[in-house]
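Everything on this sheet refers to the single structure shown next.
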Amino acid sequence: MYISKIEIDHFGKWEHETFTFHPNLQVVQGLNESGKTTLRRFIEQMLFD
């Protein structure tokens with residue numbers, strides 16, 4: 001499965017955000033409290049809940 005884009009509305013700290021992914025490599029990086037774990041939790045909930 002390839003996820004090309006994620007649109008998030010009202011999840012954790014994300015309000016009306018869009019993330020576009022490249023098919024060959026993905027690295028999510030950012031400062032502390034920037035929302036990296038929130039993005040991971042969103043993906044997990046969409047796929048496995």
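What follows is calculated from the coordinates using simple rules that are stated; it is not laboratory data. As the structure is a prediction and not an experimental result, all values here were calculated from the model. Positions of Cβ are generated from backbone atoms using ideal geometry, with glycine treated the same way; all protein chains shown enter the neighbour counts.
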Candidate set from the chain (those that are in contact with a helix residue (DSSP H, G or I) (Cβ under 8 Å, 6 or more places away or on another chain) and either of a type in the set (A, V, I, L, M) or in a loop (DSSP other than H, G, I, E, B) (or both)); member that is surrounded by the fewest Cβ atoms within 10 Å (Cβ to Cβ): GLN29
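Could you grab me the full set of residues in the stretch 31-40 that are out of contact with any strand residue (DSSP E or B) (no Cβ under 8 Å at 6 or more places or on another chain) and not small (Gly, Ala, Ser)? Reasoning before the result, please.
Start the filter on the stretch 31-40 by keeping residues that are out of contact with any strand residue (DSSP E or B) (no Cβ under 8 Å at 6 or more places or on another chain), which leaves 31-34, 36-37, 40.
Matches in the stretch 31-40: LEU31, ASN32, GLU33, LYS36, THR37, ARG40.
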Select from the stretch 1-36 the residues that are among the aliphatic types (A, V, I, L, M) and in contact with a Phe, Trp or Tyr (Cβ under 7 Å, 6 or more places away or on another chain) and write down the one among them that is farthest from LEU47 (Cα to Cα). ILE8
Pairs returned, first residue in the stretch 30-41 that is within 14 Å of GLU17 (Cβ to Cβ), second residue that is in a helix (DSSP H, G or I), beta-carbon separation under 7 angstrom, 6 or more apart or interchain, are GLY30/LYS36
The correct count of residues that are touching a Lys or Arg at 6+ places or on another chain (Cβ under 9 Å) and of a type outside the set (D, E, K, R) in the stretch 21-38 is 7
